[in-house]
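Peer 1: Could you have a look at this structure, given as structure tokens, before my questions?
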Amino acid sequence: MKALPNQRKQKGAVLILVTVALFVLFGFTALALDGGYLILNKTRVQDAVDSAALSGAKTLSLPDYNTHADAIDAVEATLAQILGGEGFEQVDIDVEALSETVEVEFSLEPVPFTPSENEDARYIRVSLSSVPVRQFFSQLLVDVWQVRASAVAGASATIKDPCQIIPLMMCVNDENPPSPDAIPEDYNYGFNPSDETSRGDVVMIKSPSNSTPVGPGNFLAVDLDGANGAAGYGDGLAGALNDASCISPGESITTKTGNMSGPTEHNFNTRFGDYSGEMGKYEPSSPYDGSDAYYADCSVPQLDPNVVELTEDDFVTTGGSTILPPTSDKYSQLQSYEDYINDPSTSKMPTTAYCLPKRRMVKVPIGDCSNPIDKGNGKHEVASLGTMCMYLSQRVTDGPGNEKYIVAEFVKNCTAEGSGYTNLENGPDRLVLYKNSGSGDS
């Protein structure tokens, strides 16, 4: 019997190899197509969550209807509108039951994001942990793929914004000097900050004495553009200067001479709803109209005027700054920043019907007072290091000029406890997306 040629023996093997190769090629094609489609849908879901987080953050910044519940409603409404629209046909999610799928949390700080039920938490995180996405060819192996997305949104941190400051300065507390390479804001300018759970330094940001490190005749008042004389100084304390009051780090702070005790009391106390005397002509007769001047803070202590009789003997001078010791009885008598933001039962609307939230939060320029430069006529220049956020503890007392103290708590990051409010910093808010700490989804 004649043997078959060798090439005829291999015909069956070639067919098998071609078939296997076709299946492999088909598999890679399916993987490429479905993988790309999966990434596309992941991006779409992430965009939807980003939009929902910004919508919730915007709701938190509104003057009305800005509770956590309102923000959650805005998040779900935004997601329902987006996920129910074009391009999301393969995303298998029930837009009618988003409350069971989406997780919405709030935090006082954007980074790290720590969930909090405190209504003053103005940063929002929106998470979709498991979103089914139907594929094409890969359904032979996996019927439904899962994607996830999360986003953190809130107002940008404007504590470094050199504008909207009041015309008073603080000297950096250099009692314990930092390392030469340290940035002043990183060591809190030498102060112990307050937050929503603990109390820090209570400091004097308006000295009734001219024995300050800047020089004779200086009471730590600042000469700002548009704040000419005692009247301009008073406008600045009341908030009327707006963006005209700017000092950037690296620039010089020019001091203004004189005690100006009248504006220190009357214009300053408008933040507490006190329009007595000449300030009556500034009492708002209509809701907020875009100017911050003379509006009261919407949260005023029930015991207002809760004024503690302070004297110079109550304070200690350390590193160029005047601090009320925590061991003092008067330290505990002042309303604290923690009480101000956490205990609504201690608050009431001021006597005026029109107010602005957080008017008792102000920004104060910080200067290096170790080497003031004499500019003549009693004025001095010191180097600007940045700004501090201060919570105003109480009204200024009625009395002699040498008893008119402005006392405040140094708050580490006032933008983290409500910066969604456009009025917290007395300037426009800017909503941004943050990196979601501890997750690679956003």
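Each value in this text was obtained by applying a stated rule to the coordinates, not by laboratory testing. Since the structure is predicted, the reported quantities are computational estimates derived from the model, not experimental observations. Cβ atoms come from the backbone with ideal geometry, glycine included; neighbour counts cover every protein chain shown.
Peer 1: Could you calculate the FRET efficiency of Ala77 with Ala21 from 1/(1 + (r/R0)^6), where r is the beta carbon distance between them and R0 is 51 Å, rounded to 0.05?
Peer 2: Details: r = 52 Å, r/R0 = 1.01.
After rounding, the FRET efficiency stands at 0.50.
Peer 1: Which value in nm describes the separation of the simple spin-label points at Ala231 and Leu62, placed 7 Å from the Cα toward the beta carbon?
Peer 2: 4.1 nm
Peer 1: Based on the Cβ-Cβ distance of Glu403 and Asp186, what FRET efficiency does E = 1/(1 + (r/R0)^6) give at R0 = 41 Å, to the nearest 0.05?
Peer 2: Working from the Cβ atoms, E equals 0.70.
Peer 1: On to the next question. Quick one: order Cys298, Cys171 by neighbouring beta-carbon count within 10 Å, fewest to most. Kindly include the intermediate steps, with their values, before the conclusion.
Peer 2: Numbers: Cys298 20, Cys171 24.
Fewest to most other Cβ atoms nearby, the residues stand as Cys298, Cys171.
Peer 1: By how many nm would the segment from Asn118 to Thr43 grow when fully extended, if each residue of separation counts as 0.36 nm and the alpha-carbon distance is taken off?
Peer 2: Here the segment from Asn118 to Thr43 would lengthen by 23.8 nm.
Peer 1: Ranked highest first by the average count of other Cβ atoms within 10 Å around their residues, in what order do 363-375, 310-322 fall?
Peer 2: Most protected by this proxy first, the peptides run 363-375, 310-322.
Peer 1: In nm, give the distance between the simple-model label positions of Thr327 and Glu103, each being 7 Å from the Cα along the Cα-to-Cβ direction.
Peer 2: If labels sit at Thr327 and Glu103, their model points lie 4.7 nm apart.
Peer 1: Past 30 Å, Cα to Cα, is the threshold; run Lys58/Lys363; Lys206/Lys281; Lys330/Lys379; Lys58/Lys404; Lys42/Lys412 against it and keep the listed order. Let's see the in-between values first.
Peer 2: Working: Lys58/Lys363 23 Å; Lys206/Lys281 25 Å; Lys330/Lys379 33 Å; Lys58/Lys404 40 Å; Lys42/Lys412 37 Å.
Beyond 30 Å between Cα atoms: Lys330/Lys379; Lys58/Lys404; Lys42/Lys412.
Peer 1: While we're here: With a 10 Å Cβ neighbour count serving as the proxy for reagent exposure, in which order, fewest first, do Val152, Val95 appear? Walk me through the numbers on the way to the answer.
Peer 2: Numbers: Val152 25, Val95 16.
Arranged by neighbour count, lowest to highest, Val152, Val95 become Val95, Val152.
Peer 1: Further question: Under a 5 Å amide H to amide H cut-off, with H placed in plane at 1.01 Å, what residues pair with Thr322 once short-range neighbours are removed?
Peer 2: It is Met204, by chain and number.
Peer 1: Between Cys246 and Arg148, what is the label-point separation in nm under the 7 Å Cα-to-beta-carbon projection?
Peer 2: My value for the distance between the label points is 4.4 nm.
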